[in-house]
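Worksheet: one structure, shown below.
The values are calculated or read from the model by the stated rules, or taken from the named source; none is laboratory data. On a predicted model such as this, the values are computed, not experimentally measured, just so you know. Note: ideal-geometry Cβ built from the backbone for every residue, glycine included; neighbour counts use all protein chains shown. Accessible surface is based on the protein model in full, side chains and every heavy atom, while ligands, DNA and RNA are left aside. Shrake-Rupley method; radii C 1.70, N 1.55, O 1.52, S 1.80 Å.
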Amino acid sequence: VTVRVPVDVGVRRAITNSGLQAMMREERAMAERHGLDLVEVNITSNARPTHAVWQGQIYSLSGDNPNYPSFQAVVGNQMDDFNCKHRYAVTVEGAKRVFRDPLEGTGYTRDEARAAVSKQRRLENEIRKAKRLRETLKIQGLDTTDAERRVRARQKALRDHIAEHPKLLHRERPRERIYGKAMAKAAELGALNG
């Protein structure tokens, strides 16, 4: 019996990363075309410690502006790291900040936010695992009652966790989907478009 291994999370990460990379390349090209040198890096609520030290700052792309650190020297290619959600936007000296801190007004520290988001990701992963088990049992023609109960229990745990942190978290249903469902939806959309 061949069981398909769901890859939707990895595919989603790869697509998101490549999209962000393309956006930043275009942003940098636009800055160079217009002779602009400053970029502001956004702030994420779940930044890994190595990225938290440079997020939210303004940098000089050329490294020649004495008022701002060099983007290449400080950030370098860390934004190319797997699953990095940081991006930057071109700015000019004295302009209003482009990005806001997502934790501002929430009452969460960076460590608390990171722990809450990490727990959400763990719960989403558990939902996907339970759904894969349910689908495997269904394909084999076996009883899925217990597996369905597990899916619902894990979804309830996720809803409860999000309810505990309403200023920080929201439900991201695509992160709970498994490969088979994603492929069926893609096929359905392809039939509608083609």
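Values as computed for the structure displayed
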| read-out | value |
| --- | --- |
| Exceeding the 22 Å Cα-Cα cut-off - candidates K85/K167; K85/K129; K131/K156; K85/K156; K85/K131; K129/K167 | K85/K129; K85/K156; K85/K131; K129/K167 |
| Modelled FRET efficiency - R0 22 Å, T50 with F82, Cβ distances, 0.05 increments | 0.95 |
| Mean accessible surface per residue for the chain, computed with a 1.4 Å probe while every protein chain stays in place, in Å² | 61 Å² |
| Principal axis dimensions, largest first and in whole angstrom, of the chain by Cα | 68, 45, 27 |
| Estimated dipole of the chain in Debye, rounded to 20 [Cβ of Lys and Arg +1, of Asp and Glu -1, Cα centre] | 1160 debye |
| Helix 8-33 axis, angle to the chain major axis (alpha carbon atoms, nearest 10°) | 20 degrees |
| Table column - 3J(HN,Hα) (Hz), segment 53-66, Karplus curve with 6.51, -1.76, 1.60, x for Gly and Pro | 6, 10, 6, x, 9, 9, 10, 9, 5, 7, x, 8, 7, x |
| Two-site label geometry, L133 and N67: point separation in nm, points 7 Å out along Cα→Cβ | 5.9 nm |
| Protein accessible area in the chain, 1.4 Å probe - carbon and sulfur % | 53 percent |
| Residues in segment 116-149 reached by a label modelled at H161 [backbone nitrogen below 15 Å; 7 Å Cα→Cβ] | 116-131 |
| Aspartates and glutamates whose Cα lies under 17 Å from that of K119, excluding same-chain neighbours fewer than 8 positions away | D111, D160, E164, E172, E176 |
| Amide H contacts of T91 (H built 1.01 Å from N, under 5 Å, at least 5 apart or other chain) | L38, V39, E40 |
| Residue among S118, Q72, G105 farthest towards the positive dipole end of segment 71-129, charges placed on Cβ | S118 |
| Segment 63-94 versus segment 100-171: alpha-carbon centroid distance in Å | 33 Å |
| Other-chain or far-sequence residues with amide H under 5 Å of S70's (modelled H) | S60 |
| Distance in nm between pseudo-label sites at R25 and V11 (7 Å out along the Cβ direction from Cα) | 2.2 nm |
| Nearest-10 value in Å² for the accessible area of I15, using the 1.4 Å probe | 110 Å² |
| Rounded to whole Hz, the Karplus (6.51, -1.76, 1.60) HN-Hα couplings of segment 141-146, x for glycine and proline | x, 9, 5, 10, 4, 5 |
| Table column - 3J(HN,Hα) (Hz), segment 111-124, Karplus curve with 6.51, -1.76, 1.60, x for Gly and Pro | 5, 5, 5, 4, 5, 5, 5, 4, 5, 4, 4, 4, 5, 4 |
| Cα centre as origin, Lys/Arg/Asp/Glu Cβ charges: segment 27-113 dipole, Debye | 160 debye |
